[in-house]
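The values are calculated or read from the model by the stated rules, or taken from the named source; none is laboratory data. Computed from a prediction, not measured in an experiment: that's the story for all the values here. Methodologically, a virtual Cβ is constructed for each residue, glycine included, from the backbone with ideal geometry; neighbour enumeration extends over all protein chains shown. When the accessible area is computed, the model is the full protein with side chains, heavy atoms only, and any ligands, DNA or RNA have been set aside. Shrake-Rupley method; radii C 1.70, N 1.55, O 1.52, S 1.80 Å.
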Amino acid sequence: MGIRAGLAIAGALTLALTGTADATRPSSLTLKPASVAPGGTISADIYCLRPSGAGPLATELTSAGFAAPIPLHYAGDGGTGGIGIALAGSGQAVAKPGRYSAAFDCWGWIVRADVTVS
């Protein structure tokens, strides 16, 4: 293999490896379990990609399917090296069976998840 071919391969590998380092995780909201008994415990995990100059986020997650708002706490950067914020919390489901939605505002990007109380 010639020097030019070797440099081309090395350059392609460098581009391939560094290209994935800049990949970002999308903002998300996950409720677990997806189906819960009335009054059961629901866990919420939120990840928000942080735009530059972003202010604080809400400290509670609300839904008609929760007996009360779920208080959220800081849970790290979601494994993204500081370009996002992970929040977590848990609370109780309502007593009335049904399918409920929750939404959270990640600095203008709204993430949603559903939970079924049955």
*Can residue 116 be described as touching a Lys or Arg at 6+ places or on another chain (Cβ under 6 Å), part of a loop (DSSP other than H, G, I, E, B) and surrounded by 14 or more Cβ atoms within 10 Å (Cβ to Cβ)?*
no
_Test: residue 89 is in a strand (DSSP E or B), in contact (Cβ under 8 Å) with a residue 24 or more places away in the chain, under 17 Å from residue 28 (Cβ atoms) and not aliphatic (A, V, I, L, M)_ = yes
_I'd like the residue in the range 16-32 that is modelled with pLDDT of 50 or more and among the charged types (D, E, K, R) and, out of all such residues, is farthest from residue 86 (Cα to Cα)._
32
*Out of the residues in the range 41-61 that are open to solvent by 50 Å² or more (accessible area, probe 1.4 Å) and β-branched (Val, Ile, Thr), state the one that is nearest to residue 83 (Cα to Cα).*
59
*Looking at the range 71-85, which of its residues are of a type in the set (A, V, I, L, M, F, W, C) and surrounded by 19 or more Cβ atoms within 10 Å (Cβ to Cβ)?*
72, 85
*Which of the residues spanning the range 23-34 are among the hydroxyl-bearing types (Ser, Thr, Tyr), more than 11 Å from residue 88 (Cα to Cα) and surrounded by 12 or more Cβ atoms within 10 Å (Cβ to Cβ)?*
27, 28
*In this structure, does residue 95 turn out to be at pLDDT 95 or above and open to solvent by 70 Å² or more (accessible area, probe 1.4 Å)?*
yes
*Count - residues of the range 98-113 that are open to solvent by less than 70 Å² (accessible area, probe 1.4 Å) and not in a loop (DSSP other than H, G, I, E, B)*: 8
